[in-house]
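Here is the structure we will look at.
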Amino acid sequence: LQAYERRFPTCPLIPMFVASDTVNEYKSEDEAIHVIERRCKLDIDAPRLLKKIAGVDYVYFVQKNSLNRRERTLHIEAYNETFSNRVIINEHCCYTVHPENEDWTCFEQSASLDIKSFFGFESTVEKIAMKQYTSNIKKGKEIIEYYLKQLEEEGITFVPRWTPPVACKLESSTSHTRRPVSPAINIPDSATKEGLNNKEILNTSSSPSVPTAGTPDDKLDADYIKRYLGDLTPMQESCLIRLRQWLQETHKGKIPKDEHILRFLRARDFNIDKAREILCQSLTWRKQHQVDYILDTWNPPQVLQDYYAGGWHHHDKDGRPLYVLRLGQMDTKGLVRALGEEALLRYVLSINEEGLRRCEENTKVFGRPISSWTCLVDLEGLNMRHLWRPGVKALLRIIEVVEANYPETLGRLLILRAPRVFPVLWTLVSPFIDDNTRKKFLIYAGNDYQGPGGLLDYIDKEIIPDFLGGECMCEVPEGGLVPKSLYRTAEELENEDIKLWTETIYQSASVFKGSPHEVLIQIVDASSVITWDFDVCKGDIVFNIFHSKRAPQPPKKDSLGAHSITSPGGNNVQLIDKVWQLGRDYSMVESPLICKEGESVQGSHVTRWPGFYILQWKFHSMPACAATNLPRVDDVLASLQVSSHKCKVMYYTEVIGSEDFRGSMTSLESSHSGFSQLSAATTSSSQSHSSSMISR
């Protein structure tokens, strides 16, 4: 608060903030409540012509700051005094203590803009207001940090908390004992599921059943962070909690572990928006291709087991799992000709999944967070054969997929015995490798790895593989040429690639403005249950369910030239004829559900009549403010970020008998929904509505 108050009566970091005067002030007797109202003078950056027409040089706002030291909150309200009969601007800011860690401060801000009339310059005023507001948002953190630093330079680094005056303490002690401030605690899932009220939750949390410090259940415990996540700054911890909370709200039942979320945050320098985007894309990818089950359900072909010269081999000096790849001894051309690109990709994915498992095991063994592995690549034998174009293409594809879905898993890459041809391969491959990943590469030519700064700096002498001059027997296959008798024709490989690629129960669809995607389900027996599970991969959509007694015409594939859709997936099918009328030809059986980008939705509908049911995903247009038919500031900001009128969904539907239905999609035995096994624990809804159930 002391840092915030230094913004008044004027702030040099906000040039448009010219001056301010206190018009009203109130303090409670115990000094817990302090309310101050100011009249602020602003020099808005607007065209001179507009100022001349409006007849003003400055704009005045009234700002009311309400500080509650007892509750440790600061509420800031502001509204315009100038032109209040023509333009209504309201802004609300709130500083509060983080509910899970009392040493953190939460900040929330919202604003609304309603332009009734402004001399015919309504659009110009709206743009000016948006420009000023967005610039202030960007500067907010910079300003508060500037004054915090100023306080530190003056020797003020701590401000004691407010405590009640002595008289108040004596009075309160006769009626009740004041609850001491306690560290952040984790509320058990059982409390929320059983619907306990706040008082009951507090009692439950303070009971002996609370998880002990250092267990993964106590997400904010310092010991847990140090043991499983490593050294994090308060800002990094806050980013992790905020992203995890967002995932819990939108991806119910498939929340990755903290370690995995951290990888994506680190990959984007803890930029939450960027990390959230790539994490959501990865979760969708994992679900669509059932990557979570690859270690349990997919057996590598014998050709891979015999000729793929790679395998796990103990660990390095930092405790990271060590993967050894004898690339120079591997017949990449033979493997691609015998197996195809997709089988190789799937094998590499299984290696990465095994790496994630080994990181978890090593974290437990060494008692410190191990979140990445070391890869040792021996290039002895690398020649022009390895630069075979389809092989390089397969390698680039693998790098692209791994970079997108396993960020920050490579701790170090040791490239040994690099031959003269290596620079050519490196020139082809390096542009596809992230800059942060490239920094982890150590390249040794010839026998340089045996000298100072070589292999012994990173791997214990006892586990250096025998083929590198060590004493440890390495069980990695030696590779060699794949017999040409195992080669397959281009047609066979193409069919196999398609089979692997489409081996998923989920389908992808594109939704355009004016062109929804629709799925037809015919119901013969009433009381059957239609279930669905879909992810909104891009854009916002509206989900509808309709019923019709008659079948629609055969589906028409959307042929919008501007929105060409490439396989696999991404189709657009429209079933409802444009001449059909709602209420006459078909009826709505569920209320429309607005689904935001990144959300995962599961639900069901118990059918009342036989006939034809249509599931529809429709483009969601940004609505205008209901009260004024004018856009809100948040809506305008969001609309500016929309680059095209295209949405993407990935969905799965199933019809089952009502006697087999057990609630939500997450609990259907007949469903093969690929909820992520990265989750420490999944949750399933116990609620079941008579007609339908939807959960995010």
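The values are calculated or read from the model by the stated rules, or taken from the named source; none is laboratory data. Predicted, not measured: the structure shown is a model, and the values here were computed from it. Cβ atoms come from the backbone with ideal geometry, glycine included; neighbour counts cover every protein chain shown. Note: areas computed on protein heavy atoms with side chains; ligands, DNA, RNA excluded. Shrake-Rupley method; radii C 1.70, N 1.55, O 1.52, S 1.80 Å.
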Exercise. Might you let me know whether the range 70-81 holds any residue that is of a type outside the set (Asp, Glu) and farther than 30 Å from Arg242 by Cα?
Key: yes
Self-check item: Within the range 414-435, considering residues that are within 21 Å of Arg266 (Cβ to Cβ) and touching an Asp or Glu at 6+ places or on another chain (Cβ under 8 Å), the one surrounded by the fewest Cβ atoms within 10 Å (Cβ to Cβ)
Solution: Phe432
Quiz item: Do we find a residue being crowded, with 16+ Cβ neighbours inside 10 Å and either more than 22 Å from Glu37 (Cβ to Cβ) or of a type in the set (Gly, Ala, Ser) (or both) anywhere in the range 64-71?
Solution: yes
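Sort out which residues of the range 1-22 are in a strand (DSSP E or B) and of a type in the set (Ser, Thr, Tyr), and write them in order of number. Give the steps one after another, and end with the answer.
Going through the range 1-22, the residues in a strand (DSSP E or B) turn out to be 17-22.
The answer is Ser20, Thr22.
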Quiz prompt | Pairs, first of a type in the set (Lys, Arg) in the range 468-487, second open to solvent by 100 Å² or more (accessible area, probe 1.4 Å) and assigned to a loop (DSSP other than H, G, I, E, B), C-beta under 6 Å, six or more apart | solution = none
Quiz item: Hey, which of the strands (runs of 3 or more DSSP E) in the range 533-616, taking only ones fully inside, have at least 3 residues that are out of contact with any helix residue (DSSP H, G or I) (no Cβ under 6 Å at 6 or more places or on another chain), modelled with pLDDT under 85 and farther than 15 Å from Ala509 by Cβ?
Solution: 600-606
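Residue by residue, here is whether (1) assigned to a loop (DSSP other than H, G, I, E, B); (2) at pLDDT below 90; (3) outside the structural domain of Arg412 (by the TED database) holds:
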residue: Lys254; (1), (2), (3): yes, yes, yes
residue: Phe270; (1), (2), (3): yes, no, yes
residue: Gln281; (1), (2), (3): no, yes, yes
residue: Asn299; (1), (2), (3): yes, yes, no
residue: Val303; (1), (2), (3): no, no, no
residue: Asp306; (1), (2), (3): no, no, no
residue: His313; (1), (2), (3): no, no, no
Quiz item: Which of the residues that make up the range 99-138 are free of Cβ contacts under 8 Å to residues at least 40 places away in the same chain, in a strand (DSSP E or B) and either in contact with an Asp or Glu (Cβ under 8 Å, 6 or more places away or on another chain) or on the phi > 0 side of the Ramachandran plot (or both)?
Solution: Gln109
Self-check item: Criterion violated by Lys138 - all others in (1) under 24 Å from Ile76 (Cβ atoms); (2) modelled with pLDDT of 70 or more; (3) open to solvent by 100 Å² or more (accessible area, probe 1.4 Å); (4) charged (D, E, K, R) satisfied
Solution: (2)
Practice problem: Could you run through the range 63-98 and say how many residues are free of Cβ contacts under 8 Å to residues at least 24 places away in the same chain and not in a strand (DSSP E or B)? | Solution: 2
Self-check item: Residue among Ala404, Ala418 that alone is within 23 Å of Val476 (Cα to Cα) and out of contact with any Lys or Arg (no Cβ under 8 Å at 6 or more places or on another chain)
Solution: Ala418
Exercise. Check whether at least one residue in the range 339-358 is open to solvent by 30 Å² or more (accessible area, probe 1.4 Å), in contact with a Gly (Cβ under 9 Å, 6 or more places away or on another chain) and under 25 Å from Tyr458 (Cα atoms), and report yes or no.
Key: no
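Each row is one residue, and each column tells you yes or no for (1) modelled with pLDDT under 75; (2) open to solvent by 90 Å² or more (accessible area, probe 1.4 Å).
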| residue | (1), (2) |
| --- | --- |
| Thr134 | yes, no |
| Ile156 | no, no |
| Arg161 | no, yes |
| Lys169 | yes, yes |
| Glu194 | yes, yes |
| Asn198 | yes, yes |
| Val210 | yes, no |
| Asp218 | yes, no |
Exercise. Output the residue which, of all residues in the range 286-298 that are touching a helix residue (DSSP H, G or I) at 6+ places or on another chain (Cβ under 9 Å) and open to solvent by 50 Å² or more (accessible area, probe 1.4 Å), is nearest to Tyr458 (Cα to Cα).
Key: Leu295
Practice problem: Kindly provide the set of residues from the range 369-412 that are in contact (Cβ under 8 Å) with a residue 40 or more places away in the chain, touching a Phe, Trp or Tyr at 6+ places or on another chain (Cβ under 9 Å) and of a type in the set (D, E, K, R), ordered by number. | Solution: Asp378, Glu380, Glu408, Arg412
Quiz item: Among (1) more than 16 Å from Leu327 (Cα to Cα); (2) modelled with pLDDT of 90 or more, which single condition is Lys439 missing?
Solution: (2)
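Any idea how many residues of the range 271-299 are of a type outside the set (Gly, Ala, Ser) and touching a Lys or Arg at 6+ places or on another chain (Cβ under 8 Å)? Working first, answer last.
Step one: of the range 271-299, the residues of a type outside the set (Gly, Ala, Ser) are 271-274, 276-281, 283-299.
If we keep only those that are touching a Lys or Arg at 6+ places or on another chain (Cβ under 8 Å) as well, we get 272, 274, 278, 283, 287, 292, 294-295, 298.
Qualifying residue count for the region: 9.
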Self-check item: So Tyr323, is it open to solvent by 40 Å² or more (accessible area, probe 1.4 Å), over 19 Å from the mean Cα position of the chain (by Cα) and at negative phi
Solution: no
Quiz item: If you check Cys359 against the conditions, is it in contact with a Pro (Cβ under 7 Å, 6 or more places away or on another chain) and either of a type outside the set (Lys, Arg) or part of a strand (DSSP E or B) (or both)?
Solution: yes
